Amino acid sequence: MILYLDTSALVKLYVVEPHSNKVRGWAEEAEIVATCRIAYPEALSAMNRRFRQKDMTDKEYKIMVSRFTEDWDHFAVIDFDEIEAGRIVKSYGLRAFDAVHISAAKLLNSNSDGIALSFSSFDEKLNAAARVEGFSVLTS
């Protein structure tokens, strides 16, 4: 299975929050863990926001960011089709980066050589759009 993680799911690999263990389990079972290239700055932003909110110590933050940046090369990092992302925005009323994630997953799925692709997000509107676009969606 290819596991496509949007940023909300990707961050759960590094930050302890509801459903983190579930996402980690899915990642362990997957043959490939993929995400869009925009997830890198999005994830760092989310981690930084948690640090600024004092959800973690300076040491914990540095370890988390270091692990994430080291792991980045092990993910299948996917580009996106901006025209398709625009269609998805108009079709489902999604935020731009949410549409980008579906566009990236669609590109990956079209080149997956028959390997099943599962999409994971913790945004219900994004999951609903992903289902309509034909993805199997893993949720809590």
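Would you confirm, using the coordinates I've provided, whether Ala43 is among the small types (Gly, Ala, Ser), surrounded by 19 or more Cβ atoms within 10 Å (Cβ to Cβ) and either in contact (Cβ under 8 Å) with a residue 12 or more places away in the chain or in contact with a helix residue (DSSP H, G or I) (Cβ under 8 Å, 6 or more places away or on another chain) (or both)? For Ala43, the condition - among the small types (Gly, Ala, Ser), surrounded by 19 or more Cβ atoms within 10 Å (Cβ to Cβ) and either in contact (Cβ under 8 Å) with a residue 12 or more places away in the chain or in contact with a helix residue (DSSP H, G or I) (Cβ under 8 Å, 6 or more places away or on another chain) (or both) - is met. The sole residue among Ser20, Ser8, Ser103, Ser91 that is modelled with pLDDT of 95 or more and over 20 Å from Ala129 (Cβ atoms) is Ser20. Take Val15 and decide whether it is at pLDDT below 95, within 18 Å of Ser121 (Cβ to Cβ) and of a type in the set (A, V, I, L, M). So Val15 fits the description; yes. Taking Val132, is it more than 26 Å from Val15 (Cα to Cα) and in contact with a Phe, Trp or Tyr (Cβ under 8 Å, 6 or more places away or on another chain)? So Val132 fits the description; yes. Residues in the stretch 14-40 that are in contact (Cβ under 8 Å) with a residue 40 or more places away in the chain, hydrophobic (A, V, I, L, M, F, W, C) and either loosely packed, with under 13 Cβ neighbours inside 10 Å or in contact with a Lys or Arg (Cβ under 7 Å, 6 or more places away or on another chain) (or both): Val15, Val23.
Let's see how each residue does on (1) surrounded by fewer than 14 Cβ atoms within 10 Å (Cβ to Cβ); (2) touching a Phe, Trp or Tyr at 6+ places or on another chain (Cβ under 8 Å); (3) farther than 15 Å from Thr35 by Cα; (4) of a type outside the set (Asp, Glu):
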| position | (1), (2), (3), (4) |
| --- | --- |
| Arg52 | yes, no, yes, yes |
| Lys62 | yes, no, yes, yes |
| Asp81 | no, no, no, no |
| Ile88 | no, no, yes, yes |
| Leu94 | no, no, yes, yes |
| Val100 | no, yes, no, yes |
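With respect to the conditions (1) over 19 Å from Asp123 (Cα atoms); (2) not basic (Lys, Arg); (3) not in a helix (DSSP H, G or I), Trp72 lacks only one, and its number is (3).
If you scan the stretch 82-123, which residues turn out to be within 18 Å of Glu42 (Cα to Cα), of a type in the set (D, E, K, R) and either free of Cβ contacts under 8 Å to residues at least 60 places away in the same chain or in a helix (DSSP H, G or I) (or both)? The answer is Glu82, Arg95, Asp98.
The values are calculated or read from the model by the stated rules, or taken from the named source; none is laboratory data. Remember, it's a predicted structure, so these values are computed and weren't measured experimentally. Cβ atoms come from the backbone with ideal geometry, glycine included; neighbour counts cover every protein chain shown.
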